[in-house]
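Just below is one structure, and these are the notes that go with it.
Each value in this text was obtained by applying a stated rule to the coordinates, not by laboratory testing. Predicted, not measured: the structure shown is a model, and the values here were computed from it. Reconstructed Cβ throughout: ideal geometry from the backbone, glycine too, with neighbour counts over all protein chains shown.
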Ligand code: 13P
């Protein structure tokens, strides 16, 4: 397989991010998947390959119409990766994982409310929870794209979490932040009903973050 240095670097960055995802404890086994915009399509992790064994050749190039080389097997979640990258010109990277606390909230069908000002990093005053649909389906993709409207992260009911960003580093950073917010919210719920920040305050934080180097995408 011949490829440019840029493409090879992107493929390696995807594998490195997958391994980081598990080292950070924000994913379980091979249940996550990652994609990066590339040319007129995307590069995406293969399905069910343990990250330690994943090679750059196994990363799949897919066009925006969903076609890929016959001998390759893209992630079963390629639809929402493709649909997010297709519908969001502001986004170049998509990270999907099943982090423990984010998934606990998702199982309960709960969104994350503004319990901490860092929620602004995900683009708004909540992190929505997309309704349940079977993994890998166009229906799940539609739900995910809708839950991400005006946002950079969402939960997936009975499933996990998606974080997106302008770069893979930013999407990875946000994935970790979403899990932190989920843990904080879960912890607060053990004590009682947490007081929330107002939407106006989250908007103020969003504007400050833009000047602080914590801009959203
Ligand atoms: P893969 O097909 O990427 O291994 O997917 C597992 C998964 O996350 C299903 O949601």
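Points to keep in mind about this one:
- Failed criterion for residue 111 (all others in (1) in contact (Cβ under 8 Å) with a residue 40 or more places away in the chain; (2) farther than 30 Å from residue 8 by Cα; (3) buried (at least 21 other Cβ atoms within 10 Å of the Cβ) hold): (3)
- Summed over region 146-171, the residues that are in contact with a strand residue (DSSP E or B) (Cβ under 9 Å, 6 or more places away or on another chain) and over 15 Å from residue 35 (Cα atoms) give a count of 10.
- Selection of region 183-208 for residues being in contact with a helix residue (DSSP H, G or I) (Cβ under 6 Å, 6 or more places away or on another chain) and either loosely packed, with under 13 Cβ neighbours inside 10 Å or assigned to a helix (DSSP H, G or I) (or both) yields 183, 186, 202, 205, 206.
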